[in-house]
Amino acid sequence: MRIFIAGATGAIGRRLVPLLLAEGHQVTALTRGSSGTVGAGVTAVVGDVYDAARLREVVAGARPDVVMHQLTDLASRDFAANSRIRREGTRNLVDAALAAGVRRVVSQSIAWAYEPGTTLATESTPLDLHSPDATRRATVEAVATLEAITAQAPGWVVLRYGMLYGPDTWYTKGALMADLATTGNLPTGPDITSFLHIDDAATAAAAALTWPTGPVNIVDNTPAPASTWSPAFAQSIGISPDVPTEASAARTPWARGASNAYAHSLGWVPTHPTWRTGFGS
């Protein structure tokens, strides 16, 4: 296939592009600067996801069969900027895809935007659009917008990724969560997290080229409370697992974790089935 990817130089994109090339696909990657490095074998095109006219031009020129949306803006922990990408960036990218006659769009989403519950969320669980927490509600609304826009393509897949860990994520030495572990501020308590190794995020994106239309939870096999995973993460980065942590008195209602049963039925199996052995890899 001819693949146009936005976000090729991100943490997932850098792992995804070699997979696509190895499968024989022709890859065109959007880059914001002419000096941007997207790797050998890839056609780089200069543009910006917020420049709708230029984006239409480069997508049309690539004549892709599939447009892949792997854009985020989290390096500086700017959640407002990330929400803007989900709303405006997705709008421009999908509009460009539709104008070029693209039949399939694959977009990156998250698996912790579901409404509150006591069981693992499935793809049919509604999103938490009525959260009383304004910050969370803004995030979920941006996610819902991304997913709704993606669903305007004739064929589409929304990858609802779990909390990413591994190289180039917040869960590695020198990054955000390691800093919290060092200062004794890791979360603990009953809140449930579904994790996902960064390499498994890439393999799922490559597989999604032929998946049925719809959302898919892409998470590992062992959702767990912070009281369990926090000590294990601390130990994986060389910090005593019994460091003081910031306790929470009760489970946040929406921190329920997600089920990967549907992804398994599609044939996707994570190479890192659990954070228990994946932390530190």
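Quick look at the values:
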quantity: Tally, over region 156-172, of residues that are out of contact with any Phe, Trp or Tyr (no Cβ under 7 Å at 6 or more places or on another chain), of a type in the set (V, I, T) and crowded, with 22+ Cβ neighbours inside 10 Å; calculated: 1
quantity: Of all residues making up region 176-200, the number that are crowded, with 24+ Cβ neighbours inside 10 Å and of a type outside the set (S, T, N, Q); calculated: 5
quantity: Checklist (1) open to solvent by 20 Å² or more (accessible area, probe 1.4 Å); (2) part of a helix (DSSP H, G or I); (3) modelled with pLDDT of 95 or more applied to G24, failing item; calculated: (2)
quantity: Filtered residues of region 106-118 (kept if of a type in the set (S, T, Y) and at pLDDT 95 or above); calculated: S107, S109, Y114
quantity: Some residue of region 217-232 being open to solvent by less than 10 Å² (accessible area, probe 1.4 Å), touching a Phe, Trp or Tyr at 6+ places or on another chain (Cβ under 6 Å), at negative phi and of a type in the set (V, I, T); calculated: yes
quantity: Members of region 124-155 found to be under 19 Å from the mean Cα position of the chain (by Cα), over 23 Å from T203 (Cα atoms), surrounded by 14 or more Cβ atoms within 10 Å (Cβ to Cβ) and not aliphatic (A, V, I, L, M), listed by number; calculated: T125, D128, R136, R137, T139, E141, T145
quantity: Any strands (runs of 3 or more DSSP E) falling wholly within region 36-123 and containing at least 1 residues that are crowded, with 19+ Cβ neighbours inside 10 Å and among the polar types (S, T, N, Q); calculated: 104-110
quantity: Wholly enclosed strands (runs of 3 or more DSSP E) of region 133-237 bearing at least 3 residues of a type outside the set (F, W, Y) and at pLDDT 95 or above; calculated: 155-161, 214-218
quantity: Residue check for A11: open to solvent by less than 60 Å² (accessible area, probe 1.4 Å) and at pLDDT below 95; calculated: yes
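The values are calculated or read from the model by the stated rules, or taken from the named source; none is laboratory data. Bear in mind that the values here come from a model prediction, so they are computed numbers and not experimental data. FYI the Cβ positions are ideal-geometry reconstructions off the backbone, even for glycines, and counts take in every protein chain you see. Protein only, heavy atoms only, side chains kept; ligands, DNA and RNA dropped before computing areas. Shrake-Rupley method; radii C 1.70, N 1.55, O 1.52, S 1.80 Å.
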